[in-house]
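Engineer: Once you've had a glance at the structure underneath, I'll fire off some questions.
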Amino acid sequence: MIAITRDVSPSVNQCELTHLQPEAIDVERAIAQHEEYRALLASLGLEVVRIPADPAFPDCVFIEDTAIVLDDVAVITRPGAPSRRGETRAVADVLARYRRLMHIEEPATIDGGDVLVLDDRIFVGRSQRTNEAALAQLRFHTRRDVIPVDVHGALHLKSAITRVSRNALLVNRDWIDVAPFRGWTLIDAEEPFGANAVLVNDVVIYPSAFPRTRTKLERDGIDVRTVDASELAKAEGGVTCCALLV
Ligand code: CIR
């Protein structure tokens, strides 16, 4: 498996903010934390590809939002925030080495953070960033079942729900209706921002800021490795958003 990542932009303090108040991001510290995250991915056996940052794009480290990668195709998004639309070009250039590319077109907007792929089904958050037109285009490009999930109060679907094992999802029920996830074991996050985790090769990468949820996951037999993601959390980034897994 390959993890495509993008460096932290020197302009990250100009990032988009939706739910949080601006708080100064220590760029050096953000870079160091991001390096740790990449080192963890590498230690789990992934080949880590790095794309340089572009100072014109404060949010470019959040590469997850720029593409949806499936086994047979990668769909390049049209991010909901106009300031982020130009991030996709450099990512598409790299992804083209690994996958056939399709593109989301105007008037559709979608962020990869709103897309949760669970086996052969694709759950898509209807959020401030992702609209109905995008769901239809994604259905067309992927030929998969695309299931809408309304998101309220969170930035993205994956702020509210992510996969933590073969059959379990970590969830914050305040931000989504869980009815579409019938059949899955649901684990409630103990901290509001604690539902965003990355599952890689049976290991869950998880922020060190949420110890109560971590303990709960471990009690369920899940192998959790923590990273300090506190600086990019000020930009409303979690752990899924800093890599595209190919
Ligand atoms: C934004 O508002 O677009 C960025 N500041 C944060 C994006 C985080 N992306 C993600 O969780 N998938």
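Engineer: For region 136-246, which helices (runs of 4 or more DSSP H) that fit wholly inside it have 2 or more residues that are within 16 Å of the ligand (Cβ to nearest atom) and at pLDDT 95 or above?
Structural biologist: So the answer is 157-160, 230-233.
Engineer: Could you grab me the full set of residues in region 103-119 that are over 15 Å from the mean Cα position of the chain (by Cα) and either modelled with pLDDT under 95 or crowded, with 18+ Cβ neighbours inside 10 Å (or both)?
Structural biologist: Start the filter on region 103-119 by keeping residues that are over 15 Å from the mean Cα position of the chain (by Cα), which leaves 103-109, 119.
Once the filter is applied, which keeps residues that are over 15 Å from the mean Cα position of the chain (by Cα) and either modelled with pLDDT under 95 or crowded, with 18+ Cβ neighbours inside 10 Å (or both), region 103-119 yields ILE104, ALA108, THR109.
Engineer: Can I ask one more? So which residues in region 29-88 are among the polar types (S, T, N, Q) and touching a residue at least 24 places away in the same chain (Cβ under 8 Å)?
Structural biologist: GLN33, THR66, THR77, SER83
Engineer: Of the residues that make up region 35-52, is at least one part of a loop (DSSP other than H, G, I, E, B), aliphatic (A, V, I, L, M) and touching a helix residue (DSSP H, G or I) at 6+ places or on another chain (Cβ under 7 Å)?
Structural biologist: For region 35-52, residues part of a loop (DSSP other than H, G, I, E, B), aliphatic (A, V, I, L, M) and touching a helix residue (DSSP H, G or I) at 6+ places or on another chain (Cβ under 7 Å): absent.
Engineer: Oh, and also: Residue by residue through region 10-34, note down the ones that are touching an Asp or Glu at 6+ places or on another chain (Cβ under 9 Å), hydrophobic (A, V, I, L, M, F, W, C) and in a loop (DSSP other than H, G, I, E, B).
Structural biologist: Passing the criteria: CYS15, LEU17, LEU20, ILE25.
The values are calculated or read from the model by the stated rules, or taken from the named source; none is laboratory data. Just so it is clear, the model here is predicted, and its values are computed rather than measured. When we count neighbours, we look across all protein chains shown, and the Cβ atoms used for this are built from the backbone with ideal geometry, even at glycine.
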